[in-house]
There are 2 protein chains.
Amino acid sequence: MTGNNDKSTVKMPGKQDLLAEFSKFFPKENSSTIVATGDDAAVVETNGNQSVFSSKTFIENVHFDLTYFPLKHLGYKLSTVAFSDVLAMNAIPSQLLVSVAVSDRFDLKMVNELLSGILNCCDTVHADIAGFDLTSSTRDLIVSITAIGECEPALLCSRKGATENELICVSGDFAAAYTGLLLLEREKKVFNVNPNAQPDFSGKDYLLQREIKPEPRIDIIEELRRSNILPTSMTNVCDGIADAIIKICKASDTGCTLFEEKLPMTELTFVTLKDLDIVHTVAALNGGDDFELMFTIKQSDFENIKNVSNVSIIGYINDKSAGYNLITGDNLKVPIYAQGFSQS
Amino acid sequence: MTGNNDKSTVKMPGKQDLLAEFSKFFPKENSSTIVATGDDAAVVETNGNQSVFSSKTFIENVHFDLTYFPLKHLGYKLSTVAFSDVLAMNAIPSQLLVSVAVSDRFDLKMVNELLSGILNCCDTVHADIAGFDLTSSTRDLIVSITAIGECEPALLCSRKGATENELICVSGDFAAAYTGLLLLEREKKVFNVNPNAQPDFSGKDYLLQREIKPEPRIDIIEELRRSNILPTSMTNVCDGIADAIIKICKASDTGCTLFEEKLPMTELTFVTLKDLDIVHTVAALNGGDDFELMFTIKQSDFENIKNVSNVSIIGYINDKSAGYNLITGDNLKVPIYAQGFSQS
């Protein structure tokens, strides 16, 4: 949920590299620990079933801005982010543990607003709030969410598993949330100069909705199951397409080729980015907060995947030696980079 | 872990009452959700086994003070706090999910120190770090920890289950951590006035250790199992004995009688509290950060419990109508109150 709004200082050496470095020293003592770190969620096995866990902390003025974020939508969005990690393992969300820290800037009604958004999102994916803790913060609102999901071991998808010639798919469309964020930030600046100014968002509802109230893509997971498609690898797209595909390729030890013209984007996103003087492909590759799914499938699933609505094929997996590349509209091959990984 | 160091504003209407009020509206959609809220940890059932979860957020200058807290010990303590909730369900810790937020006041070496303390505590209870996330904070260190444990359904102990005439037991001794905190706060004040002053902690090691590096009482859980004692109810003592026994009594719909003279306390704690002009029983009843276990057993386990080292019987369960009472050393009956519950 960070990407462009993240005043991060720990990202410098490549956040993904850093996490991998720290995790090297984590022992794995228990046979129930299946996937420890380095994927979208942790996997724990109990009596043959696998439970999937993702824990995230969201901090006011780092991960969200209450100037333009209604608390109810914030609750919904933070839950989507946490569930998104569970869905990215091809698991079905089942429970949420919530821990909220507030200062005296917040009253009980506000906590209730936040909770009602969290409950709405739980309702969307049919999960329960199984734990709730309330504590004090010095000033900012801090929300920690742990999402829990269930998966039959045979259906679990990790980032690892993609092989050469497989197709790279994504759900939904891209850069809309990022564009929505840019609009919100622009109007915030106007408001700071002139508090009487009315924000100008006419016709931009979709972009704002994608930033303020993104949906957990449980529909995609359910449709893949109905269509009997088991992806060979999967991750969620939270920091742009580039970050997501590099996560899959690094874990799977492969390269990739993406096609600029295949990156799905709505006309509204495209036009608005043009007005804002931003290259739309850069926004799709590196913009954040989409919370869509990216997965790879065997070529034999090419016809079958057409039955899953809202999915686009954007490229294919190569041998590692090919690197990570984008074929532009002008048929140029350019390398893909992502902020979280070192460029070496 | 809060108690006396907690600049809480949400505690006013009775934090426990508040949590119960919010939780009323949480639906329970999934059959796998066994215990949702209102106990020490959440319980989720998978294929006949029960997994136990507790999620907590700790914020610098609210829940801990880095002036006197070495990061390694902090990591150990926060893990103890999280595991303590799992142990309080009579479950065995298996995994930990960790999410750390730091600002540019912190470098990687400091994150490593914190992590090494967390890993040490995981080692104590034989649990794995199954998830690790690193993000940015505006200024303060924020640590969110989710502890996961396993339990056979027949062994699970909740706060509910105590019945009349059963014995109330606690592990360890009390008020030592609170006394240690008072000493640390006193020396901090001296230091703030005179930065050249050397702190005076001679002979107080045990008190400091109890505050700075409390141990997860997995030894008690293991000894209870070896002795074939299944407590009828259980909770952890994190905000004093009064808070813990009221949690058990409210959940079990009972009253209780505790004996002042039975409350376990070391001579060092007693003497130091006297020097500090604090009534030792008040400190045992309402001091925080002990992370000991409280549980009730049947009278028939009276002889058997003597085989479990480090456990004291401090009272017995009454009918609800008797209320919550302490029999003082002078044989007076006084009602017991706790901060987290409304007094009505």
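Every read-out reported here was derived from the displayed coordinates using simple, explicitly stated rules and does not represent laboratory data. Predicted model only: the values in this text are computed from it and were never measured. Ideal geometry is used to build each Cβ from the backbone, glycine not excepted, and the neighbour counts take in all protein chains shown.
Send over the semi-axes of chain A's equivalent ellipsoid, whole angstrom and largest first, taken as the square roots of 5 times the C-alpha gyration tensor eigenvalues.
Details: eigenvalues 183, 140, 72 Å².
The answer is 30, 26, 19 Å, longest axis first.
Contact order, relative form, for the range A:15-133: 23 percent (alpha carbon pairs under 8 Å, 6 or more residues apart, mean separation divided by residue count). With the alpha-carbon atoms of the protein assembly as shown aligned to their principal axes, the span from lowest to highest coordinate is 91, 56, 44 Å, starting with the largest. Exposure proxy for B:GLU60, A:GLU166: other Cβ atoms within 10 Å of each Cβ, ordered fewest to most, give B:GLU60, A:GLU166. Here the dipole of chain A is about 420 debye; that uses its Cα centre as origin and unit charges on the Cβ of Lys and Arg (positive) and Asp and Glu (negative). Taking a straight line from the alpha carbon of B:LYS306, these lysines sit under 26 Å away, with near neighbours fewer than eight places off in the same chain left out: B:LYS160, B:LYS247, B:LYS262, B:LYS298. Placing a label point 7 Å from Cα along the Cα-to-Cβ axis, A:ASN196 is separated from the same position in the other copies by 6.1 nm, shortest listed first. Sorted from nearest, the other copies put their A:ASN61 label points 1.0 nm away, the label point being 7 Å from Cα in the direction of Cβ.
How much of the DSSP beta bridge set in the range A:167-335 is antiparallel, as a percent to the nearest 5? If you can, show how the numbers build up before the last one.
Details: 22 of 26 bridges.
That works out to approximately 85 percent antiparallel.
With both residues required to sit in the protein assembly as shown, DSSP beta bridges show an antiparallel share near 80%. For chain A, modelled as a GNM whose springs connect Cα atoms under 10 angstrom apart, the maximal fluctuation among A:LEU208, A:LEU183, A:LEU276 occurs at A:LEU276. Among the listed pairs B:LYS15/B:LYS333; A:LYS24/A:LYS333; A:LYS109/B:LYS189; B:LYS28/B:LYS72; B:LYS72/B:LYS250; A:LYS28/B:LYS15, which are separated by more than 32 Å between their Cα atoms? Distance filter (> 32 Å) returns A:LYS24/A:LYS333; A:LYS109/B:LYS189; B:LYS28/B:LYS72; B:LYS72/B:LYS250; A:LYS28/B:LYS15.
Note on chain A: GNM, Cα springs under 10 Å; of A:GLU150, A:GLU292, A:GLU267, the largest mean-square fluctuation is that of A:GLU267.
Shielding by partners for peptide A:21-33, expressed as the average number of C-beta atoms from other protein chains within 10 Å of each residue's C-beta, is 6.
For the range B:77-90, putting each phi into the Karplus relation 6.51 cos²θ - 1.76 cosθ + 1.60 with θ = phi - 60° gives couplings of 5, 4, 5, 4, 4, 5, 4, 4, 5, 5, 4, 5, 9, 6 Hz, in residue order, rounded to whole numbers and with x for Gly and Pro. Counting only lysines at least 8 places from B:LYS204 when in the same chain, those with an alpha carbon closer than 17 Å to its own are B:LYS188, B:LYS213, B:LYS274. Taking the inverse of the mean reciprocal distance over all distinct Cα pairs, the Kirkwood hydrodynamic radius of the range A:31-155 comes to 14.9 Å. Residues B:ASP123, A:ASP17 in ascending order of nearby Cβ atoms (within 10 Å, fewest first): B:ASP123, A:ASP17.
Note on B:140-149: average number of Cβ atoms from other chains within 10 Å of each residue's Cβ is 5.
Remark: relative contact order (chain B) = 23 percent; criterion is Cα-Cα distance under 8 angstrom and separation of 6 or more residues. Of all DSSP bridge pairs formed entirely within the range B:31-155, close to 75 percent run antiparallel.
The mean number of Cβ atoms from other chains found within 10 Å of a Cβ in peptide A:93-106 is 5, as a whole number.
Ranking A:PHE302, A:TYR76, B:SER94 by how far each Cα lies toward the positive end of the dipole of the protein assembly as shown (charges on Cβ) leaves A:TYR76 at the top. For chain B, a Gaussian network of Cα nodes joined below 10 Å ranks B:ASN61, B:ASN194, B:ASN165 by mean-square fluctuation, and the top entry is B:ASN194.
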